[in-house]
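Structure, as C-alpha cells:
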Amino acid sequence: MTAARSPWDLDRSELEALLGDQPSYRIDQIWTGLHQQGLPPSELTVLPKSLRARLAELTEPSLRPAAAQETADGLTVKRLWELTDGARIESVLMHYPNRSTVCVSSQVGCAMACGFCATGQAGFDRHLSLGEILEQVVAARNEAAPRRLSNVVFMGMGEPFANYATVLTAIGRITDDLGIGARKITVSTIGLVPQIRRFAEEGLQVGLAVSLHGANNDLRTSLVPVNKRHPIEAVVDACRMFRERTGRRVSFEWAMIDGVNDRDSDARELISVATTARAHVNLIPLNPTPGWPTVGSPPDRIDSFANLLRQAGVNATIRTNRGTDIDAACGQLRANAERASTKAVRVEMAPRSPS
Ligand code: SF4
C-alpha cells in the first residue's frame, strides 16, 4: 500500500479529482482551510464530519515534530521534523520585531558534500515532495503568529536546484496560495550553473543567493567539491545573466572560516569576483560542526574583512550568527539528535491559525 499524500501535495484539480463528488464551494473551503488557516483536514470544522474523515483517510500531513531548540532570547527556533517514512529534516524560524522568516529544507540530506556542512557530511537520502516543503512554511506561519511570516529562504538542508521542478512549484504555491510575494523568497544554491541560467529565464522576482565561500578555484573546490563541475568563472557568468534577466542583484554567501578564507588575499580575490558579478556579499561566521576541524573567524577578523570589501566598493553585510547557543549549523540538530536519539528536546506543536 502506498503512503497517503500530504494534502498540501495536491493542486486544486487533483483535490477535485480525489473527492470526485464534492461541489466547488467545498473545494474552496478545503483550499482556504489548508492555505489561509494552515489547518490539516482533520481540523477543518467547517466541513461535515464524514468529509473530514474521508479527507483524513485519503491524505496525511507529512511533518511530525521530533525535536526543537530555541535560543535563549527566543528569537530563533530550530525544528527537527520527522517525515512519514521516518526521514528527518530541519527548518529554522527567525523572529524580528514585527515579522518572521523561515528557512526551509528542500532535500533529505544533500549530495553536494561540502566538508564544513553537517548536512553534506551525512550524505543524500531523497528529494522532498511539494507537500513536505509547503508544510514547513505553513507550520512556520502558524508558529510565528501574531507576527507575520514575511520571508521564506530555501537555505536549509539540501541543494534546492537539485530538486528544481518541485522547488519551482513550491515557489508558485507560496506566492499564489500562501500569499508571500516572490521578492520575499530567496533560493540559495551552491552554484549549479545550468539551473541558475534556467531560473533566470523563469520570469520570477525571486532572490538568488550563491554560496561562494572561496574566490579562486583551488580554494573553492576544497570547500565546495561541485566547483570542479561548475567553476567560479561559469558561476559568475550565470549570476550576471540572472541579474540581467531579472533585474535582481545576486548575493554571495561567504562562511568566514578561520585561517581558511578570511585572509586579506581572500578578500582581494572576492572583491574581484563580486565586482564582476555586481553581487552583494553576506559574511557569515561559520557555525562549527563536529565533522570539520576548523572554526569560524573571530569577530575582529570578520570586521576587517568586511571593511576591505567596502573600501573597494563591494556591498558587504555581516550576518548575525543566529543561534550560537543551539545546533545552528544546517543539519546539525538532525545529526546530534540521531547521535543522542533521546536527548533532544521533545516538543509538541499544535497548528495555530494565523491571526
Ligand atoms: S552547504 Fe548546502 S550544498 Fe553544501 S552540502 Fe550543505 S546543504 Fe548541501
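Table for the structure above
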{"quantity": "Test: Thr101 is touching a Ser or Thr at 6+ places or on another chain (Cβ under 8 Å) and assigned by TED's automatic domain parsing to the domain that holds Ala170", "calculated": "yes"}
{"quantity": "Subset of segment 85-131 that is surrounded by fewer than 20 Cβ atoms within 10 Å (Cβ to Cβ) and charged (D, E, K, R) - its residue that is farthest from the ligand (Cβ to nearest atom)", "calculated": "Arg99"}
{"quantity": "Residue match in segment 288-308 (condition: at pLDDT 95 or above and β-branched (Val, Ile, Thr))", "calculated": "yes"}
{"quantity": "So Ala140, is it aliphatic (A, V, I, L, M), away from the ligand (no atom under 13 Å from the Cβ) and surrounded by fewer than 19 Cβ atoms within 10 Å (Cβ to Cβ)", "calculated": "no"}
{"quantity": "Condition met for Val295 (in contact with an Asp or Glu (Cβ under 6 Å, 6 or more places away or on another chain) and assigned by TED's automatic domain parsing to the domain that holds Ile180)", "calculated": "yes"}
{"quantity": "Any chance Thr59 is touching a residue at least 60 places away in the same chain (Cβ under 8 Å) and not aromatic (Phe, Trp, Tyr)", "calculated": "no"}
{"quantity": "Qualifying residue in segment 230-242 (condition: surrounded by fewer than 18 Cβ atoms within 10 Å (Cβ to Cβ), outside any helix (DSSP H, G or I), of a type outside the set (D, E, K, R) and modelled with pLDDT of 95 or more)", "calculated": "yes"}
{"quantity": "All positions within segment 180-194 that are within 16 Å of the ligand (Cβ to nearest atom), in contact (Cβ under 8 Å) with a residue 40 or more places away in the chain and aliphatic (A, V, I, L, M)", "calculated": "Ile190, Val193"}
{"quantity": "Residue within segment 42-51 that is under 23 Å from Asn142 (Cα atoms) and crowded, with 17+ Cβ neighbours inside 10 Å present", "calculated": "yes"}
{"quantity": "Flag for Met256 being in contact (Cβ under 8 Å) with a residue 24 or more places away in the chain, surrounded by fewer than 19 Cβ atoms within 10 Å (Cβ to Cβ) and among the hydrophobic types (A, V, I, L, M, F, W, C)", "calculated": "no"}
{"quantity": "Some residue of segment 53-76 being buried (at least 20 other Cβ atoms within 10 Å of the Cβ), under 30 Å from Arg220 (Cβ atoms) and within 16 Å of the ligand (Cβ to nearest atom)", "calculated": "no"}
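The values are calculated or read from the model by the stated rules, or taken from the named source; none is laboratory data. Keep in mind that what you see is a predicted model, and the values were worked out from it rather than measured. Cβ coordinates were reconstructed from backbone atoms using ideal geometry, including for glycine residues, and neighbour counts include every protein chain displayed.
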